[in-house]
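Encoded as structure tokens, the structure appears first; notes follow it.
The values are calculated or read from the model by the stated rules, or taken from the named source; none is laboratory data. Computed from a predicted structure; not experimentally measured. We place every Cβ from the backbone using ideal geometry, glycine too, and count neighbours over all the protein chains shown. Remember, those area values only see protein heavy atoms, side chains included, never the ligands or the DNA or RNA. Shrake-Rupley method; radii C 1.70, N 1.55, O 1.52, S 1.80 Å.
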Amino acid sequence: MARAKLPRSPSEGKAGPGGAPASASAPEEPHGLSPLLPARGGGSVGSDVGQRLPVEDFSLDSSLSQVQVEFYVNENTFKERLKLFFIKNQRSSLRIRLFNFSLKLLTCLLYIVRVLLDDPALGIGCWGCPKRNYTFNESSPEINWAPILWVERKMALWVTQVVVAVISFLETMLLIYLSYKGNIWEQIFRVSFILEMINTLPFIITIFWAPLRNLFIPVFLNCWLAKHALENMINDFHRAILRTQSAMFNQVLILFCTLLCLVFTGTCGIQHLERAGENLSLLTSFYFCIVTFSTVGYGDVTPKIWPSQLLVVIMICVALVVLPLQCEELVYLWMERQKSGGNYSRHRAQTEKHVVLCVSSLKIDLLMDFLNEFYAHPRLQDYYVVILCPTDMDIQVRRVLQIPLWAQRVIYLQGSALKDQDLMRAKMDNGEACFILSSRNEVDRTAADHQTILRAWAVKDFAPNCPLYVQILKPENKFHVKFADHVVCEEECKYAMLALNCICPATSTLITLLVHTSRGQEGQESPEQWQRMYGRCSGNEVYHVRMGDSKFFREYQGKSFTYAAFHAHKKYGVCLIGLKREENKSILLNPGPRHSLAASDTCFYINITKEENSAFTFKQEEAGRGLGGPGRGQASRLPVHSIIASVGTVAMDFQNPECQPAPGDRSSKLALPTENGSGSRRPSIAPVMELADSSALLPCDLLSDQSEDEMLPSDDEGLSVVEYVKGYPPNSPYIGSSPTLCHLLPEKAPFCCLRLDKGCKHNSYEDAKAYGFKNKLIIVSAETAGNGLYNFIVPLRAYYRSRKELNPVVLLLDNRPDHHFLEAICCFPMVYYMEGSVDNLDSLLQCGIIYADNLVVVDKESTMSAEEDYMADAKTIVNVQTMFRLFPSLSITTELTHPSNMRFMQFRAKDSYSLALSKLEKRERENGSNLAFMFRLPFAAGRVFSISMLDTLLYQSFVKDYMISITRLLLGLDTTPGSGYLCAMKITEADLWIGTYGRLFQKLCSSSAEIPIGVYRTQSHLFSTEPHDLRVQSQVLVSMEDFEDTREVKGPWGTRVGSGGSTHGQHTVGSDQAEHPLLRRKSLQWARRLSRRSSRHVGRAAAEGISQQRVSLSRRSERQELSELVKNRMKHLGLPTTGYDEMNDQQNTLSYVLINPPPDTRLEPNDIVYLIRCDPLAHVPSSAQSRQNSCSNRLASCSPKTRDETQL
């Protein structure tokens, strides 16, 4: 009860003028005023009267006198208090219903006791009347009703039944009184009330009329009242414990109780009615009911009189009506439960381990990627996966989850992560981890991120101790889920990976293979050598081990990192890439030779399998010392020539370390030693030092690449070169971006100067040709200038990249960028934007595509709304195919939504080799490979990429919590002081003296402290479209002839597109000449004659009908037609046509990535080696500037004839 009281006035409780309390001089309060209220004084005479005039008016006005108001008065009545106890209060009403249920069960039990004690053969009659015996005459049609009306009831039993009946009657009448709402007949004609009156009133009547104490009363009907009480009790119980997913349990319970009540009613009714017949026992009646309801009907027991026969008919009709309705409701609830998934058992959650996967919509590709990657780890085989998704289960997902492999381990629950009830169903608080994935198929990715953020908050609020693994799409939303244990931002990784693809070819393929779990068994049954080697090396992953506990590295305790990396690779075939100090949580990639290993360090290495799963077999060599096996799951030893070459002798570059070339000069770094390589003796390589020598100028070597930035501004050109500065970008487009030291402009460029195709008052350049860039362009085609594009620019402008190697970046945007994005990029040198679309040839030509080496096509969000999911990439694929035909020498990297669509990139309709690769992919998928798509040529070459391939990065972090950090370091998203960075180096013909990958490992470790981790290899290949390959061969050779003719043209902008940096075309020529020089010379001569004949005697060739030449000419005319189309558009736009190369076709090469190949792998021309280079700022002495200058002078004297090549 609540009472409202008026607040006291400020004068209440204060003393009057005489010092007495105001209440003492107050007049007697009026009648009816509550004594609980404070009294109001009538005032005082004098000056105080004027001061308290409002109070006097208030107290003297009878209309404003105080009134006590009591709220919720109706709850104070006796009826409301009873209703609160019996009905409204959940726990008390639950106890009342439990008591009622027990009472009804007791009456049924007392009825059974009465039947067992009653014997009609001893006589039948009313209470106190003489007993008579009745015999059943089957031939007589008359029925003796006395055995049906009268029963024998003991005195104690009667007293008990009367007491129970009185209690039940009083309870029923009380509930009727409390539930009465104005219509008494509605309460009276309820079935439960009628049954209650039938079973209780006769017992109460027998109290006053003794002869009726033996009257038969159908107490067994109380089973239906017990069933009704049980239903109400279960509902109250579920309401009390807040369980909402109990409909299935309720329906099963109702069906079971209904069936039980039918059997019990039929048993008791037939037994009693047959007292006038064959006098069946209770057990015989129960047997008859079971046989009848089960439709068996043996016929050995049958009712003999018509009342019992009528009861059987009624019971069968009731069963035929009631039971199907109950079963229908049960089936409906079962189907609904199948959709929602039910609950995850609390007992199972406490005894078994499980993880929860929260998604907006579950597609079959996402599910299989997660399951294959999650269960690829041996220690996760006993885990359960609980999927929490708000949508109905997809039909394909349902079929997959019915497979026995997944049916026992995957549980699908339909529900929302924002509801505590659904999180309770998934037992989130007992989960080992929770994976929250974003819906990347949404058109509005920001809205998808908002949903992900709310899910993460809800899970953190419900289960704060459950580890969170969150996938976010937009980088600006990442800081909202910073509390999660592991976060992967899709656009950050995507753009950084695409940027590295432009300077380190196929970085996307390298990272994808590293973050996928594989045993390296893919392609091992293929007849082609490159597929077997590529598949074997794809099994390499990143593992970790404590250095003191490792068999790989513990012998190198106290040695330098570079020494341990080389010797571990030489001895075991493992590639040590980084470490983590015990006292420091930061991971360092290749900390350099000055870093000594300690027993407490955690080592990170690349290998086929982790050390715990490796077998070590030591074999005795001729030198008398043991040498460990490669550690790749087999007991094979390294070839003797590799061992001898790796040991080596002291070379000239070790004897004169001050003349070591800079790492930035790649050709001089791998230059052939001048003294040690003469004659027939194989050139040797300097050994890797155990500890860093203070006399070695390693800091000078590392910083000499930086010193070229301080050289004269104009070396080769007359254009004035703007001096760049190194610093941190002043404007980050979003919160949470990692600060990276970059090349910056001394002053921010005006926004008008960022527009490539329009001049302004600062410059008049309107096309890429006018700028006169030294290096090739990098063009990025995107729909909008999102914040993720910032991560594309930062790796290309990082401080450790030489200024001479910086490529201009052009952003081709469908929509105009906003002010905030321009503010973020205006500090970077040579970054421009242009409005246009990738499907518009004019836009491509205006942004300088003929002067570009790389074109990156980013997936567009607007294409996500395709009616058919896999058609979201249709527009992108067709546009890229068109550009591939128009600009064949251009390296195009495409992002697709669905990885399965990569088979359409560079599509060849009748290519038998592509058909063979398709069959190989299907075979690998049937074998359960997680990387079935790896043999597709566009993916192997790094030309196509799907961000869904990086979903496994988040899944792997559950077992390897360091994978996200290592991946971000490799991509340049994070820069830890002292940690190295990923770069690449090209192997030329002059570098082949090194011979093998193991010797290259030693050369790099000893000269520049760089750690190679893989090779990007390109080799020639003939794609046959017909049984005879002569036509294709002629096309390839003509293309090669044109390539050689144009390769000698000098100048950055006067050359054709194929003359600069296309490694594919160069490798095709070099490898063919090296392997078949005679065939190559004759083929080129034939190709030149063919080209002259086709240009001078076209009519004669057509008349002769030489099919191969006609096909070649038809192909050539198609290229000329495309060339004319492009040149006409360039003339129309006023662009010069001197840079367009119409014949350099690179369709006849294939490329692939070899991660950590064996040490005896032979190097080939145009191999590109992935390196982890030391941080140039890790060990900078105080006199670094002077040492840089001196080192630069000494390098000029040591190797005067160095090749002018740009290091990748």
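Picking from Val313, Val301, Val331, which residue would you name as being free of Cβ contacts under 8 Å to residues at least 24 places away in the same chain and surrounded by 15 or more Cβ atoms within 10 Å (Cβ to Cβ)? Spell out the reasoning first.
On the way: Val313 fails: surrounded by 15 or more Cβ atoms within 10 Å (Cβ to Cβ); Val331 fails: surrounded by 15 or more Cβ atoms within 10 Å (Cβ to Cβ).
Within the list Val313, Val301, Val331, the selection yields Val301.
Residue-by-condition table, conditions (1) in a strand (DSSP E or B); (2) under 30 Å from Glu142 (Cβ atoms):
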site	(1), (2)
Ile290	no, no
Val301	no, yes
Pro307	no, yes
Cys327	no, no
Asn343	no, no
Val356	yes, no
Ser361	no, no
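Inspect all residues belonging to the range 118-135 and state whether any of them is surrounded by 16 or more Cβ atoms within 10 Å (Cβ to Cβ), within 60 Å of the chain's Cα centre (by Cα) and not aromatic (Phe, Trp, Tyr). Checked the range 118-135: no residue is surrounded by 16 or more Cβ atoms within 10 Å (Cβ to Cβ), within 60 Å of the chain's Cα centre (by Cα) and not aromatic (Phe, Trp, Tyr).
Only residues that are open to solvent by 30 Å² or more (accessible area, probe 1.4 Å) and at pLDDT 90 or above were counted across the range 157-190, and they come to 7.
Listed conditions (1) modelled with pLDDT of 80 or more; (2) open to solvent by 70 Å² or more (accessible area, probe 1.4 Å); (3) more than 29 Å from Glu1121 (Cβ to Cβ) are all met by Lys875, apart from (3). If we scan the range 132-147, do we find a residue that is closer than 18 Å to Thr200 by Cα and assigned to a helix (DSSP H, G or I)? Within the range 132-147, none of the residues are closer than 18 Å to Thr200 by Cα and assigned to a helix (DSSP H, G or I).
Residues in the range 154-204 that are farther than 22 Å from Phe86 by Cβ and of a type in the set (Lys, Arg): Lys154 only. Condition check for Ser837 on (1) under 28 Å from Thr876 (Cβ atoms); (2) not in a loop (DSSP other than H, G, I, E, B): one failure, at (2). Checking each residue in the range 468-519 for being touching a strand residue (DSSP E or B) at 6+ places or on another chain (Cβ under 7 Å), assigned to a loop (DSSP other than H, G, I, E, B) and at pLDDT 90 or above picks out Ala484, Asp485, Cys504, Pro505, Ala506. The test for being in a loop (DSSP other than H, G, I, E, B), touching a residue at least 24 places away in the same chain (Cβ under 8 Å), of a type in the set (Asp, Glu) and surrounded by 14 or more Cβ atoms within 10 Å (Cβ to Cβ) does not hold for Glu196.
Can you tell me how many residues in the range 569-590 are in contact with a Ser or Thr (Cβ under 7 Å, 6 or more places away or on another chain) and in contact (Cβ under 8 Å) with a residue 60 or more places away in the chain?
As a first pass, look at the range 569-590 and keep what is in contact with a Ser or Thr (Cβ under 7 Å, 6 or more places away or on another chain): 570, 579-580, 582, 586-589.
Next, from what is left, pick out any that are in contact (Cβ under 8 Å) with a residue 60 or more places away in the chain: 570, 580, 586-589.
Residues that pass the stated criteria total 6.
For the range 490-511, state whether one or more residues are surrounded by fewer than 22 Cβ atoms within 10 Å (Cβ to Cβ) and aromatic (Phe, Trp, Tyr). Scanning the range 490-511, I find no residue that is surrounded by fewer than 22 Cβ atoms within 10 Å (Cβ to Cβ) and aromatic (Phe, Trp, Tyr), so the answer is no.
Of all the numbered requirements in (1) open to solvent by 10 Å² or more (accessible area, probe 1.4 Å); (2) among the hydrophobic types (A, V, I, L, M, F, W, C); (3) over 19 Å from Leu1122 (Cβ atoms); (4) modelled with pLDDT of 85 or more, Met864 misses one, and that requirement is (4). Residue count for the range 201-215 satisfying the condition of being open to solvent by less than 40 Å² (accessible area, probe 1.4 Å) and either in a loop (DSSP other than H, G, I, E, B) or touching a Gly at 6+ places or on another chain (Cβ under 8 Å) (or both): 2. For the range 414-428, the condition of being closer than 28 Å to His516 by Cβ, in contact (Cβ under 8 Å) with a residue 60 or more places away in the chain and either touching a Lys or Arg at 6+ places or on another chain (Cβ under 8 Å) or part of a loop (DSSP other than H, G, I, E, B) (or both) holds for at least one residue.
Filtering Val838, Val810 for residues that are at pLDDT below 90 and buried (at least 22 other Cβ atoms within 10 Å of the Cβ) leaves a single hit, Val838.
Would you mind stating whether Ser308 is surrounded by 15 or more Cβ atoms within 10 Å (Cβ to Cβ) and closer than 19 Å to Ala121 by Cα? So Ser308 does not fit the description; no.
Residues of the range 439-470 being of a type outside the set (Val, Ile, Thr) and open to solvent by less than 10 Å² (accessible area, probe 1.4 Å), which ones?
Arg445, Ala448, Asp449, Ala456, Ala463, Cys466, Leu468
Residues that are open to solvent by 20 Å² or more (accessible area, probe 1.4 Å), part of a loop (DSSP other than H, G, I, E, B) and touching a residue at least 40 places away in the same chain (Cβ under 8 Å) within the range 751-771 comprise Asp757, Asp767, listed in sequence order.
If the condition is being assigned to a loop (DSSP other than H, G, I, E, B), in contact (Cβ under 8 Å) with a residue 60 or more places away in the chain and open to solvent by 50 Å² or more (accessible area, probe 1.4 Å), then the range 526-552 contributes only Lys551. A residue that is at pLDDT below 85 and within 25 Å of Lys478 (Cα to Cα) cannot be found anywhere in the range 814-830. In this structure, Ser586 does not qualify as surrounded by fewer than 18 Cβ atoms within 10 Å (Cβ to Cβ), at pLDDT 90 or above and within 29 Å of Leu973 (Cα to Cα).
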